[in-house]
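Below is one structure, written out as structure tokens; the observations come after it.
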Amino acid sequence: MAEKAVPERLSWAVETLELAPSDRVLEIGCGRGVAAALVLDRLKEGTFAAIDRSHVAIEAARQRNGESVAAGRASFEVVGLEDADFADGSFDKIFSVNVNLFWTRSPARELAALRRWLAPGGSLHLCWEPPGAGRAREIVDKVVPVVEAHGFAASPVTGVTSASASLVCVVALPRD
């Protein structure tokens, strides 16, 4: 059975990361590991960690990226973001795709953890493929001020899929 094409939102989100071959990357809400595979293809010396609440999704992600898991380059953990625990400065890039908590409720605790986990010079990328351009604007209007209120400088990046669906990513850099 042929594998399904990679959703454009995932390819686009990974492009926004501007990965270096040695980056240490965390994905929040990795699903079945499709974006993980895209990231791992770009990392030569780097490492990848991913979290998701779903046991089924994590098992699928581990299988999809089995070679990288076996080589110690990738890890997948069943845990919610609010319960995850990583060492300070563990990641150069942290990203999520369609993880709504950042714009549907107060993510203060989560943003504090993400800020700690980012290494100096690291970046946070919160990406969505919202249903419609109006919703993209709503996400930017809600997420940018919240992220900035928690110690980041944030700027939106927008795009569109080949089917004209809106894409938005809030790129955030920790302020000193």
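The values are calculated or read from the model by the stated rules, or taken from the named source; none is laboratory data. If you're wondering where the values come from, they're calculated on a predicted model, not measured in any experiment. Cβ: placed from backbone, ideal geometry, glycine included. Neighbour counts: every protein chain shown. Side chains are part of the model used for accessible areas, which takes the heavy atoms of the whole protein and leaves out ligands, DNA and RNA. Shrake-Rupley method; radii C 1.70, N 1.55, O 1.52, S 1.80 Å.
For Lys93, the conditions (1) assigned to a loop (DSSP other than H, G, I, E, B); (2) under 13 Å from the mean Cα position of the chain (by Cα) are fulfilled apart from (1). Do the conditions hold for Ala112, that is, is it more than 15 Å from the chain's Cα centre (by Cα) and not in a loop (DSSP other than H, G, I, E, B)? The answer is yes for Ala112.
For region 27-44, indicate whether the set of residues that are open to solvent by 80 Å² or more (accessible area, probe 1.4 Å), assigned to a loop (DSSP other than H, G, I, E, B), charged (D, E, K, R) and closer than 24 Å to Ala163 by Cβ is non-empty. So far as region 27-44 goes, yes, one or more of its residues are open to solvent by 80 Å² or more (accessible area, probe 1.4 Å), assigned to a loop (DSSP other than H, G, I, E, B), charged (D, E, K, R) and closer than 24 Å to Ala163 by Cβ.
When we screen Arg64, Arg105 for residues that are at pLDDT 95 or above and either open to solvent by 30 Å² or more (accessible area, probe 1.4 Å) or more than 15 Å from the chain's Cα centre (by Cα) (or both), the only hit is Arg64. Scanning region 67-81 for residues that are in a helix (DSSP H, G or I), open to solvent by less than 90 Å² (accessible area, probe 1.4 Å) and under 21 Å from Val6 (Cα atoms) yields Ser68, Val69. Residues in region 10-26 that are open to solvent by less than 20 Å² (accessible area, probe 1.4 Å), among the aliphatic types (A, V, I, L, M) and outside any helix (DSSP H, G or I): 3 in all. Starting from residues that are assigned to a strand (DSSP E or B) and free of Cβ contacts under 8 Å to residues at least 24 places away in the same chain, keep the ones in region 115-157 and report whichever is farthest from Asp88 (Cα to Cα). Only one residue fits best here, namely Pro156. Of the residues contained in region 158-167, one or more are found to be in contact (Cβ under 8 Å) with a residue 40 or more places away in the chain and part of a strand (DSSP E or B). Residues of region 128-153 that are open to solvent by less than 20 Å² (accessible area, probe 1.4 Å) and either on the phi < 0 side of the Ramachandran plot or within 18 Å of the chain's Cα centre (by Cα) (or both): Trp128, Pro130, Ala136, Ile139, Val140, Val143, Val147, Phe152.
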